[in-house]
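Okay, structure first, notes after.
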Amino acid sequence: MINSLRDLLPIIVVVAFFQLAILQQPVPDLLDLLVGALFVVLGLTCFVYGLEISLFPVGESMAFAFARKGSVFWLLVFAFALGFGTTIAEPALIAVADEAAKVMAHGQIIDNTKTERDDYALGLRISVALSVGLAIVVGVFRILKGWPIHMMIMAGYLGVVFMTSIAPDEIIGIAYDSGGVTTSTITVPLVTALGVGLASSIRGRNPIVDGFGLIAFASLFPMIFVMGYGLLV
């Protein structure tokens with residue numbers, strides 16, 4: 001809890017400074033804010049502790065198990081399912097997809113009905129989840145083959161630039177934000193643990209050099225897929 005409070009302290013100081021020194025206004029609902037801050041500290045503490053005792057060990061142990069099994073097919077299927085499953089449940093993505101649907105409806109790009117908004121948001125989430133699943137497959141295949149990550153990342157961003165040039169203006173910002181929100185609370189721990197565990201279990205691979213980089217693919221592919229989704233929809 002002390003570590004969590006220390007991590008949140010800069011945010012508290014910034015908000016308090018601008019509220020009291022710049023805006024020169026009293027803090028509204030101070031008691032509610034203090035109670036809420038306490039809940040945030042408790043939640044962050046439980047979340048970090050849960051990562052340490054559950055998600056990280058699970059990701060690493062499954063990576064070791066698949067490496068011992070020696071089945072590339074099932075390893076890639078697991079990588080895709082892990083990327084898809086963690087992303088479709090990502091709270092940040094749900095929030096961005098819902099907000100994007102509201103803005104699209106307000107801009108008369110889609111019909112302003114609950115069904116249309118829900119369908120658009122769901123389609124956006126599925127597009128991002130599919131892209132992250134494919135991104136993790138590519139990242140795992142890179143670890144298996146030992147390919148240099150920088151060449152693949154540069155090729156991916158060339159794809160982003162090309163898609164940006166042909167995608168509708170309304171979808172570009174959403175696509176770029178979608179690349180950011182995928183790397184959040186659920187996806188990052190499991191995907192990172194998978195990469196490090198896999199690189200640690202394969203002879204000739206370095207966990208530091210080869211184990212990291214999956215998150216970069218998980219940020220890159222959604223931008224391309226969402227702009228493709230914008231072209232179709």
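Worth pointing out:
- Test set (1) within 15 Å of residue 58 (Cβ to Cβ); (2) surrounded by fewer than 16 Cβ atoms within 10 Å (Cβ to Cβ) - residue 208 fails condition number: (1)
- For the stretch 4-48, the set of residues classified as in contact (Cβ under 8 Å) with a residue 24 or more places away in the chain and of a type in the set (S, T, N, Q) consists of 4, 45, listed by residue number.
- Filter result for the condition that a residue is at pLDDT 85 or above, within 14 Å of residue 178 (Cβ to Cβ) and surrounded by 16 or more Cβ atoms within 10 Å (Cβ to Cβ), over 100, 105: 100
- With respect to (1) in contact with a helix residue (DSSP H, G or I) (Cβ under 8 Å, 6 or more places away or on another chain); (2) under 29 Å from residue 226 (Cβ atoms); (3) open to solvent by 60 Å² or more (accessible area, probe 1.4 Å); (4) at pLDDT 80 or above, the lone exception for residue 62 is condition (4).
- Unmet requirement for residue 112, which otherwise passes all of (1) without any contact (Cβ under 8 Å) to a residue 24 or more places away in the chain; (2) under 25 Å from the mean Cα position of the chain (by Cα): (2)
- Sole exception among (1) over 22 Å from residue 224 (Cβ atoms); (2) of a type outside the set (A, V, I, L, M); (3) touching a residue at least 24 places away in the same chain (Cβ under 8 Å) for residue 117, by number: (3)
- Residue 135 being in a helix (DSSP H, G or I), touching a Gly at 6+ places or on another chain (Cβ under 7 Å) and farther than 20 Å from residue 179 by Cβ: no
- The number of residues in the stretch 148-184 that are surrounded by 14 or more Cβ atoms within 10 Å (Cβ to Cβ) and not in a helix (DSSP H, G or I) comes to 4.
- Elements of type helices (runs of 4 or more DSSP H) contained in the stretch 1-105, each with 2 or more residues being among the hydrophobic types (A, V, I, L, M, F, W, C) and in contact with a Gly (Cβ under 7 Å, 6 or more places away or on another chain): 56-69, 72-88
- When the stretch 208-226 is filtered for residues that are within 14 Å of the chain's Cα centre (by Cα) and outside any helix (DSSP H, G or I), only 213 remains.
- The set of residues in the stretch 130-147 that are touching a residue at least 24 places away in the same chain (Cβ under 8 Å) and open to solvent by 10 Å² or more (accessible area, probe 1.4 Å) comprises 130, 134, 137, 138, 141, 144, 146.
A quick yes/no check of all residues on (1) out of contact with any helix residue (DSSP H, G or I) (no Cβ under 6 Å at 6 or more places or on another chain); (2) hydrophobic (A, V, I, L, M, F, W, C):
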residue	(1), (2)
129	no, yes
136	no, yes
162	yes, yes
165	yes, no
207	no, no
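- Selection from the stretch 189-205 of residues that are open to solvent by 10 Å² or more (accessible area, probe 1.4 Å) and touching a Ser or Thr at 6+ places or on another chain (Cβ under 9 Å): 190
The values are calculated or read from the model by the stated rules, or taken from the named source; none is laboratory data. Given the structure is predicted, the values throughout are model-derived calculations rather than measurements. A quick note on method: Cβ atoms are made from the backbone with ideal geometry, for glycine too, and the neighbour counts reach across all protein chains shown. These accessible areas exclude ligands, DNA and RNA; they are computed on the full protein's heavy atoms, side chains included. Shrake-Rupley method; radii C 1.70, N 1.55, O 1.52, S 1.80 Å.
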